[in-house]
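Take a look at the structure below.
The values are calculated or read from the model by the stated rules, or taken from the named source; none is laboratory data. Values in this document were obtained by computation on a predicted structure and should not be read as measured data. Cβ atoms come from the backbone with ideal geometry, glycine included; neighbour counts cover every protein chain shown.
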Amino acid sequence: MTVTSTYEQTIERTLFSKEEIASAVDRLARQIAEDHVGQPLLLLGVLKGALYVATDLARALAQVPNGPSDILVDYLCVSSYGNSTRSSGEVRMLKDTTERLTGRHVVLVEDIVDNGLTLSYLQALLKERNPASLRSCVLFDKPYHRLVDVPLEYVGLQCPDEFVVGYGLDYQELYRNLPYLAKLRQSVFTQEG
Ligand code: IMP
């Protein structure tokens, strides 16, 4: 049995297909390119969730004509405290950026924004490093339970008010490698030990 088929038994439904995600990423790349014409851009992915969206965006950006003068890709890695389906906004930095942000045009790339605390924390932290500009890009937006007003310049897809997995998003570190976004069966959560 493959890993994918084991996953499939626990999935209730697909919310966004691989193709829908790819076209959202292409649209985000065109918007980001338009705002950074002729400028060097630092694309900063937030691991682990933005693993795929940041790399796919970087490749999509390379195909947009008249975009940034050059593109550097960097990552930071954070872990949010909270229960298994909600973040508390208390963020632990596991790996900082390797690039300096001072004077750079930075686009922070997140997988999903829910209550907004994680992104808000990162925006404040990175602003202190005096980038020339700092914009935020999120692939999936869940605007239903915001605890803070978080500026989002680029939004890919409006996500239903569900706990979702796939395309970088996990449940207990599993499901990140699903190529689509999915809702899990309730039984997965009730079996939580
Ligand atoms: P926020 O602080 O509530 O905005 O949540 C941000 C982080 O929580 C994201 O970067 C994800 O790691 C995680 N998260 C929020 N919603 C989901 C979800 O539906 N599935 C998986 N992870 C989520």
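Points worth noting:
- Any hit, segment 181-193, residues being under 17 Å from the mean Cα position of the chain (by Cα), of a type outside the set (G, A, S) and in a loop (DSSP other than H, G, I, E, B): no
- Some residue of segment 128-136 being within 14 Å of the chain's Cα centre (by Cα) and touching a residue at least 12 places away in the same chain (Cβ under 8 Å): yes
- Sole residue being farther than 20 Å from D141 by Cα and not aromatic (F, W, Y), chosen from G45, G38: G38
Conditions tested, residue by residue: (1) among the acidic types (D, E); (2) part of a helix (DSSP H, G or I); (3) exposed (fewer than 14 other Cβ atoms within 10 Å of the Cβ).
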residue	(1), (2), (3)
D26	yes, yes, no
V37	no, no, yes
I71	no, no, no
E90	yes, no, yes
L119	no, yes, no
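- Within the set V73, V37, V78, V109, the sole residue that is within 16 Å of the ligand (Cβ to nearest atom) and modelled with pLDDT of 95 or more turns out to be V109.
- Pairing each residue of segment 96-125 that is over 21 Å from L51 (Cβ atoms) with any residue that is assigned to a helix (DSSP H, G or I) and within 16 Å of the ligand (Cβ to nearest atom), provided the two are 6+ apart or on different chains, yields C-beta distances under 8 Å for N115/H145.
- Some residue of segment 129-145 being surrounded by fewer than 20 Cβ atoms within 10 Å (Cβ to Cβ), of a type in the set (A, V, I, L, M, F, W, C) and touching a strand residue (DSSP E or B) at 6+ places or on another chain (Cβ under 7 Å): yes
- All conditions but one from (1) crowded, with 22+ Cβ neighbours inside 10 Å; (2) farther than 27 Å from Y180 by Cα; (3) without any contact (Cβ under 8 Å) to a residue 40 or more places away in the chain apply to L41; the one that does not is (3).
- Number of residues in segment 158-180 that are more than 9 Å from the ligand (Cβ to nearest atom) and assigned to a loop (DSSP other than H, G, I, E, B): the value is 10.
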